[in-house]
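Bear in mind that the values in this text are calculations on the coordinates, not laboratory data. Since this is a predicted model, take the numbers as computed values, not measurements. When we count neighbours, we look across all protein chains shown, and the Cβ atoms used for this are built from the backbone with ideal geometry, even at glycine.
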Amino acid sequence: MLPVRIAVAGREQLLAELDVPLELPDLLAQVTEPVRDWEVEIGFGKGRFLLEQARANPACGFLGIEVVSKYYRHVRDRAAGDHLDNLVLLRGEARYLLAAVLPASFARSVHVYFPDPWPKSRHHERRLFDPESLDLVLRLLHPGGVLSFATDFLDYGKLVGELLRAHPALKVETAADLWGGRARTHYEDKYHREGREILRFEARVASCENLFHPLGGRGVVAATTKPPEPPESVSRIVKSDG
Ligand SMILES: C[S@@+](CC[C@H](N)C(=O)[O-])C[C@H]1O[C@@H](n2cnc3c(N)ncnc32)[C@H](O)[C@@H]1O
């Protein structure tokens, strides 16, 4: 696995040189006024949306996550050339960064646009959204914060819609076009011009309780205390389910 890299205003550090969870205000404090609001984009690709949002909202901090080095370097260099001091870029695997590196409850928005759909069923586990990783994404948002999602891959989008609606902490809305006043992403722009159908959701964290997805328990493989023995009827379901 490549080391996680962090770029702010063209200056780059390795994750190993910093404390975790990352002190985001400290990263920006070296280059700009303290920011109170943060927005995150996961899988920023060529960075069109992220760069335009950071340019248009200089008082807000933006954090971008991208696993492909080529895209990360492209956006890092563009951000440095444009003197965008309010942008932190992370090159690394999103699920690892969400679980182990980023602080909780710091963002007002998380944007996930056109994530890789991994259409083959044997690859579905690589998708960003399943009940457990959705909880990792929501963990970044403070109460009232919003997760915005879009995809042209309608089967995946319908599943994500069901997943979001089954979450007790979320209030979910669909939107014909979320990008009224915002920049379009590279793929959003391409698919919009091609007239492709796009599914979009906005999910607001409406409750501070029940932050775990009810379908997520199956992914829990470690606990700090020994969990109670489940009743016989539940044991049978778990055993027969493998
Ligand atoms: C289809 S592109 C969409 C790019 C951009 N959001 C857009 O709409 O134009 C998906 C992006 O997510 C990135 N990505 C996929 N899985 C990721 C992961 N696990 N962690 C971080 N980035 C990821 C890919 O490298 C790619 O740049």
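Could you give each residue of the stretch 56-64 its phi-based ³J(HN,Hα) in whole Hz, using Karplus coefficients 6.51, -1.76, 1.60 with θ = phi - 60°, and x for Gly or Pro?
Couplings: 6, 10, x, 7, 9, x, 10, 10, x Hz.
How large is ³J(HN,Hα), in whole Hz, for each residue of the stretch 145-156 in order, when computed from phi with the Karplus curve 6.51 cos²θ - 1.76 cosθ + 1.60 and θ = phi - 60°, using x for Gly and Pro?
Result, rounded to whole Hz: x, 10, 9, 10, 9, 8, 8, 9, 8, 5, 4, 5.
For V88, which sequence-distant residues (separation of 5 or more, or a different chain) have an amide H within less than 5 Å of its own amide H, given hydrogens modelled in the peptide plane?
Close amide H contacts, sequence-distant or interchain: F62, L63, G64.
Farthest toward the dipole's positive end in the chain, which of A94, G45, H167, given Cβ charges of +1 (Lys, Arg) and -1 (Asp, Glu) about the Cα centre?
Of A94, G45, H167, it is G45.
Work out from phi, with θ = phi - 60° and the Karplus expression 6.51 cos²θ - 1.76 cosθ + 1.60, the ³J(HN,Hα) of each residue of the stretch 108-121, listed in order in whole Hz, and give x for Gly and Pro.
My calculation for the stretch 108-121 gives 8, 9, 10, 10, 10, 10, 6, x, 4, x, 6, x, 6, 4 Hz in order.
Might you report the magnitude of the Cβ-based charge dipole of the chain about its Cα centre, with Lys and Arg at +1 and Asp and Glu at -1, to the nearest 20 debye?
With only Lys, Arg, Asp and Glu charged at Cβ, the dipole is about 520 debye.
Which length gain, in nm to one decimal place, applies between L14 and D116 when the Cα-Cα distance is subtracted from 0.36 nm times their residue separation?
Here the segment from L14 to D116 would lengthen by 34.1 nm.
Would you mind calculating the gained length between Q30 and H124 on full extension (0.36 nm times residue separation, minus the Cα-Cα distance), in nm to one decimal?
The span from Q30 to H124 would gain 29.8 nm if fully extended.
Given the rule -39500 (n - 2.57) for each run of at least 4 DSSP H residues, summed and divided by the residues of the chain, what is its mean residue ellipticity at 222 nm, to the nearest 500 deg cm²/dmol?
Taken over the chain, the calculation gives -8500 deg cm²/dmol.
Going by the alpha-carbon gyration tensor, a ≥ b ≥ c the square roots of its eigenvalues, is the stretch 111-170 rounded (a/c under 1.5) or, if a/c is not under 1.5, prolate (a/b greater than b/c) versus oblate?
Because a/c hits 1.5 or more and a/b exceeds b/c, the stretch 111-170 counts as prolate.
Just rank K46, K158, fewest to most, by other beta-carbon atoms within 10 angstrom.
K158, K46
Out of A59, P25, P117, whose Cα points farthest toward the positive end of the dipole of the stretch 1-118 (charges: +1 Lys, Arg; -1 Asp, Glu; placed on Cβ)?
It is P117, whose Cα lies furthest towards the positive end.
Cα gyration tensor of the stretch 38-82, axes a ≥ b ≥ c as square roots of the eigenvalues: rounded (a/c below 1.5), prolate (a/b > b/c) or oblate?
Oblate, since a/c reaches 1.5 and b/c is not below a/b.
Provide the gained length on full extension for the span K158 to A104, in nm with one decimal, where the gain is 0.36 nm per separating residue minus the Cα-Cα distance.
My answer for the length gained is 16.7 nm.
Which of the peptides 61-74, 161-174 is most tightly packed, and how do the rest follow, judged by the mean count of other Cβ atoms within 10 Å per residue?
Ranking, from highest mean packing down: 61-74, 161-174.
If you take every DSSP beta bridge fully contained in the stretch 5-240, what fraction is antiparallel? Give it as a percent rounded to 5.
Counting only bridges with both partners in the stretch 5-240, antiparallel ones make up about 50 percent.
What's the FRET efficiency of R165 with K46 using the Cβ-Cβ distance as r and R₀ = 30 Å, to the nearest 0.05?
So the FRET efficiency works out to roughly 0.45.
Is the C-alpha gyration tensor of the stretch 6-64 telling us rounded, prolate or oblate? Criteria: a/c under 1.5 is rounded; beyond that, a/b larger than b/c is prolate, otherwise oblate.
Since a/c reaches 1.5 but b/c is at least a/b, the shape of the stretch 6-64 is classed as oblate.
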